[in-house]
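Notes for the one structure printed next.
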Amino acid sequence: MNLYDHSHFAIAVKLDSSGKKIWEYKGMEYSRFQSISLKSDGRCVATGNNMDEDFGMNIMVVQLNKNGKE
């Protein structure tokens, strides 16, 4: 039995001042961000949760550098 009826992914996107995409980060399946904070040095810290069949809901904290890499 599948516990999930659809897929969803946490996504963070950095845009420049004209709205052009600089980078995009896509999290694992069944994840979502609830808060994203941009730091003065260009890093981005995102918090949220993800789901899996073994452990249920898990807390997720992702730190991305100024280029959108973990």
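The values are calculated or read from the model by the stated rules, or taken from the named source; none is laboratory data. The structure presented is a predicted model; accordingly, all values stated were derived computationally and were not measured. Backbone-built Cβ (ideal geometry, glycine too); neighbour counts: all protein chains shown. Note: accessible area is taken over every heavy atom of the protein model, side chains too, but ligands, DNA and RNA are not part of it. Shrake-Rupley method; radii C 1.70, N 1.55, O 1.52, S 1.80 Å.
If we keep just the residues of region 17-70 that are part of a loop (DSSP other than H, G, I, E, B), in contact with a strand residue (DSSP E or B) (Cβ under 9 Å, 6 or more places away or on another chain) and under 21 Å from Ser7 (Cβ atoms), which is least open to solvent (accessible area, probe 1.4 Å)?
My answer is Tyr30.
Residue pairs, Cβ under 8 Å, 6 or more apart or interchain, first in region 34-54 and over 16 Å from Ala10 (Cα atoms), second open to solvent by 90 Å² or more (accessible area, probe 1.4 Å). List them.
Listed pairs, sorted by first residue: Asp41/Lys66; Gly42/Lys66; Arg43/Gln63; Arg43/Lys66; Glu53/Leu3.
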